[in-house]
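Step one of this worksheet: look at the structure below.
The values are calculated or read from the model by the stated rules, or taken from the named source; none is laboratory data. None of these values were measured; they are calculated from a predicted model. Note that each Cβ is placed from the backbone with ideal geometry, even for glycine, and that neighbours are counted across all protein chains shown.
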Amino acid sequence: MGRVFIDLLRFNRQFASGVVLLSAITLFALLSFFSPYPPNDSYVVPPDMPPSWSHLMGTTSRGQDLFWLLTFALRNTLIFGIVVAAISRLLALVIGLVAGYSGGLVDRALMSINDTFIVIPLFPILVLFYFVMKDHMSWGLLALMMACLGWAYDARLIRSVALSLRTREFTETGIFSGMSMRRILVEEHLPYVLPIVFSTTMNNINWSIGLEVTLSVLGFTDINTPTVGVLIYWANQHTALVAGIWWWIFFPVLLVILTFIGLFLLAVSMNEHIDPRSRLGRSEG
Amino acid sequence: MTARGMTAPALEVSGLRAYYRTSAFGIRREVRAVDDVDLRVEAGEIYGLAGESSCGKTTLIKTIANAIQPPLEVLAGSVVFNFKDHRVDMHRVGRDELRDIRWKRLSYIMQGSMNVLNPVRRVRHAFVDFAFRHIGKSKAEFLDIVGAHLHRLHLAPDVLEAYPHQLSGGMRQRVTIALATVCRPEFIIADEPTTALDVVVQKGVLAMIHSVQRELGSSVIFVTHDMAVHANLTDRLGIMYGGRLVEEGRTADVFRRPRHPYTAHLIASLPRLGDTAPKEGLTGAPPNLADPPSGCRFHPRCPLASDLCRREVPPMTEVAPGHRTACFHSDRVAPP
Amino acid sequence: MSALLEVDGVSRLYSSGNLLARRKFAAVDGVSLRLDEGRPEIVTVIGESGSGKTTLARMILNMVPPSAGTIRFRGTDLREVRGTRARLDFMRQVQPIFQNPFEAFNPMKRVDRYLFATARHMAGLTTQAAIEAEADRALRDVGLSLAEVRRRYPHELSGGQLQRVAIARALVSRPALLVADEPVSMIDASLRASIVSLLRGLCVRTGVSIIYITHDLATAYSVSDRIMIMRLGKVVESGPARAVLDDPQHEYSRLLKSSVLSPEVPSNGAAFHA
C-alpha cells in the first residue's frame, strides 16, 4: 500500500494536487492548537475589521479573529467528517461483506434493512432528530446519527464485490483449508474491497461535511461549537453580507471548497487507479 | 499442390519483432513477445502455428492481422499478403484499404463465437453487418448468396433467424466460420477456434474448416496449442517457443522426425488414448519474455544445451528439404 | 468391506423459467457410485460440458446438496454434516483440486499461506516449525519443496507448478478422498501427463482414492482404474477403465472415442471426410 501511495504521488498529478491541498488544509486545522484566543470567547479583538496584516482574515461582528476561529472551525468540521466516514465505513464493510459471503436468508435480511436505510430521506430525518433532541444534541450524537444513515449505499457496493468473490475458487480453497468466515472475509476479500472503501471514504467525508454545513447554517445543530457551518450561521445571524462584512462568509466558504476539491481529487485519482483498464491506458508505449 | 517458386506465397512475414512496452510508475518493461520471426504461408495451404502458454503465438497472430494496440508495438520487420491482384504490406497500408481487405480477402475465425455475434440481434444481422458491403449486390441477392453458402456448409437456413444464445456452442462456432467465409476470402486466420469446444463438436467444426478451405482454396494460418489438431488438419507446421519460431516444416515431417529438442519433447510427452507408458514432462517453466534467457531461449530446459547455446541465438537453418529448425544440435535430436 | 463413499441414486435439479411456466432440468440424474474403504483407486468421470460431472463433484464435496438421493461418506449422510466441527472433520477427509490453478489461489496473496492454514486447521499442528515441516513434506510429495514456493505469489509460478501446490495443499490433512475437477485441462499438454501420473503415484503410495473428472480420454486411459461416462446428467457406461475405453459398448461412448484426435499424422493422409 505504501509503495502504491508513493507511486501515485510521483506520477499522478491529480493525486498529488489532492494530497497537497489536503495537507495544507490539515496544517491549517492543526494551527488551532496554537491559537492565542479560545474559540468561544467573544469581543477579544475589535469587531468588523477587514483582512489586514494583524488580522489575516479580518474579524467578525462578535469580535473574534476570523483566522484563528476558522482554524478551530475547520478542525471540528474535519474531525466530524472523518468520524462519520469511519463509523459508516465500518458498518458498510461488516454488513456488505457478511451479506455477500453468507447469501441466503442472512443476505436477504441484511439487504432489506439496507434498502430501508437507502430510501430514508436524510435531511428531514436529521432535522426531526434535532427537534427531538434539542437540548441533548451533541456532535457525537449527530455524528453517530449521520453514520447510521450513510452506510447503506456503500454496503450494497461492497456486497456486490463480496458476492462475486464468494464464487471464485480461491474462496473455496480457503474454506477447504479450514479458514473461518471471519478470516476469509478479512484476509482474502478485504484487499479487493479496500480500494472501493477508500474512494467512497473521500466521497463520504464530502457528503458528511456538506450535510453538516447545511444543517449548521440552518441552525439545526449545536451552534455553540465552532464549525464551518456554525460560522456561516452566525454570519447570517449578524447579516454579515448586508453589513458589508464579506470576509466572514468568504473565508469559511473558500476553505470548505478547497477541502471538497482536495478530497474529490483524491477520490477520482484513486478510482482511476483501481480501474485496471484506465491504468493501462495511462501507461505509454 | 502448388508449384514451388511459381506463385508468390500468400503471406510473408520477415524479421518481425513486436514487443509490449509499458512505462507505468517510472518502471519500463519490455515483453519480447515476438522476436525475429520469419515465415511464409504458401497459397492454398493450411499452416499450423503451435506452441504452449506464453510462446508468443497470439501476439504473432495479432501482428499479422494488424490488430495492434498499445502497449503492443511493432519494432521491426514486415507482414506482406500477396492477394490475387495486389500486394498489401499490413503495417504500411491505410485504414481505408485495411477495411476493404477485411472480410473480403482476409478474414478471421476467433476462439469465442460470442466475440463476433451480437447477443441481442439475430444471426442474420451479423451477416448483413459484416459481409453485405463487401459483396456489393442487392440485399435480396446477398441473402441468396448467404443461403447457398450455409447450405453448402450443411447449416440449416433457419439458423439466420435465431439469436446466438439459442444455438449451442458448436453451432455458434459453425456460424462464425460461415460468416468468415461467405465473402470467399483468400486468407483465413483461425485463432484457437475449437479450443473451448467439446471433443465431439470439435471434430465436426474442424471437418467444416477443412472442407471450406478445400472448396475456396484459401490459405489458412491455424493457431492452436493442441498438437493433435495440427497432426490431423495442417499441411505445414511452425512451432513457437519463447517468442521465436524454433521449427517449421511439413506436418508429417515434423511429427515423424522433429529436429528441435523442444518439439521432440513436446510430441513425446503428449498423452495418447491406448498408451499407458509413463510420460515425462519437461522440467522448469517457459521463459519470462520480459527477461528472456540469453542465446537460445530453450537452453535452461534443454538436455542438449551447450555453452554455444547460452551465448548465441541459433538461426533458422534448413536441415532437410522444406524443414527448418533453430538449433545448433539438431542432428543430435533423437527420433521418437 | 465398508464403503468409503456411497453415491446413491443422486439427482440435482435446477428450475428455470418464470412465475407462470417453470421448467425443471436435471443437471445430474440418478447417478450411483461406490468406493470401498481400504481399496484406493482412481475413478474417472468422463463427460462433455453439460454432462453434470462438475455438479456431481460439487455434491460429493458437499458444496451443493442433492435434490434427490443420498451421499454417504464413511457411513455419514452428507446432509447431517452441519456445524463447524462436523464440516471441518469432513473436509479433513475429502479435499478438492480445482480446474484453474490461477483461480484456486488468491492472486493477491502468497501461496504458502494456504498450505500453512491447512496444516494449522486441518492437521491440528500448532508450532510454526511443525507447520512448515508438514508443508514441506506435502510439497515434496508432489515434486516441489517449501524453499521453491515460500513467499511466492501465484503469478510467479507456472500453471503446472501451481497445480502441484494445489495438490500438495489438498494432501496436508492426509485425506482419504480427493475430488479433482479437470485438474489438467488448463495446463500445457506437455505437462499434463506428468501431473496425471503424479496423481496415480499418490494413489499407490499414500492410499488416497481419487475421483478424477475430465473430458480428456487420453489422460483417463493411462491413469484410471474405473471409469464412468456421463451424458446429460446420466451415466451411460461404467466399468473397468481399459475395458470400457478399448471396447466401448454404448453408442455415445463409441462416438466419444471416435471423436478423439490422436497426436499422430494419419498415414492415409485423409483425416476428415467431408
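Structure above, values below:
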read-out	value
When residues of region C:89-141 are limited to those that are among the hydroxyl-bearing types (Ser, Thr, Tyr) and more than 27 Å from C:Glu182 (Cβ to Cβ), the one farthest from the other protein chains (Cβ to nearest Cβ)	C:Thr127
Search result, residues across region A:1-49 that are part of a helix (DSSP H, G or I), touching a residue at least 12 places away in the same chain (Cβ under 8 Å) and under 30 Å from A:Gly63 (Cα atoms)	A:Leu21, A:Leu22, A:Ala24, A:Ile25, A:Thr26, A:Phe28, A:Ala29, A:Leu30, A:Leu31, A:Ser32
Some residue of region B:263-282 being within 30 Å of B:Met208 (Cα to Cα), at pLDDT 90 or above and in a strand (DSSP E or B)	no
For C:Thr219: the one exception among (1) in a helix (DSSP H, G or I); (2) closer than 25 Å to C:Arg120 by Cα	(2)
Selection from region C:180-221 of residues that are away from chain B (no Cβ under 13 Å) and more than 14 Å from the chain's Cα centre (by Cα)	C:Arg205, C:Thr206, C:Gly207
Scan of region C:142-179 for residues that are more than 14 Å from chain B (Cβ to nearest Cβ), basic (Lys, Arg) and either without any contact (Cβ under 8 Å) to a residue 12 or more places away in the chain or more than 26 Å from C:Ala220 (Cβ to Cβ) (or both), ordered by number	C:Arg150, C:Arg151
All positions within region A:211-231 that are of a type in the set (A, V, I, L, M, F, W, C) and at pLDDT 85 or above	A:Leu211, A:Val213, A:Leu215, A:Val217, A:Leu218, A:Val228, A:Val230, A:Leu231
Failed item in (1) more than 16 Å from the chain's Cα centre (by Cα); (2) away from chain B (no Cβ under 12 Å); (3) not aromatic (Phe, Trp, Tyr), with C:Leu255 passing the rest	(2)
Residue, nearest to the other protein chains (Cβ to nearest Cβ), within region B:213-230, restricted to residues that are assigned to a helix (DSSP H, G or I) and in contact with a strand residue (DSSP E or B) (Cβ under 8 Å, 6 or more places away or on another chain)	B:Met227
Residue match in region B:275-283 (condition: closer than 27 Å to C:Thr219 by Cβ and more than 13 Å from chain C (Cβ to nearest Cβ))	no
Exclusive hit being surrounded by 17 or more Cβ atoms within 10 Å (Cβ to Cβ) and either assigned to a strand (DSSP E or B) or without any contact (Cβ under 8 Å) to a residue 60 or more places away in the chain (or both), set B:Leu98, B:Leu75, B:Leu49	B:Leu49
Looking only at region B:160-176, and only at residues there that are among the hydrophobic types (A, V, I, L, M, F, W, C) and in a helix (DSSP H, G or I), the one that is nearest to the other protein chains (Cβ to nearest Cβ)	B:Met171
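Yes/no matrix, rows are residues, columns are (1) over 30 Å from A:Asp135 (Cβ atoms); (2) assigned to a helix (DSSP H, G or I):
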site	(1), (2)
A:Glu188	yes, yes
A:Thr201	yes, yes
A:Asn204	no, yes
A:Leu215	no, yes
A:Thr221	no, no
A:Asn224	no, no
A:Leu265	yes, yes
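Conditions tested, residue by residue: (1) touching a helix residue (DSSP H, G or I) at 6+ places or on another chain (Cβ under 6 Å); (2) at pLDDT 90 or above; (3) closer than 16 Å to C:Asn106 by Cα.
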{"position": "A:Val132", "(1), (2), (3)": "no, no, no"}
{"position": "A:His136", "(1), (2), (3)": "no, no, no"}
{"position": "A:Thr167", "(1), (2), (3)": "no, no, yes"}
{"position": "A:Thr173", "(1), (2), (3)": "yes, yes, yes"}
{"position": "A:Glu188", "(1), (2), (3)": "yes, no, yes"}
{"position": "A:Thr200", "(1), (2), (3)": "yes, no, no"}
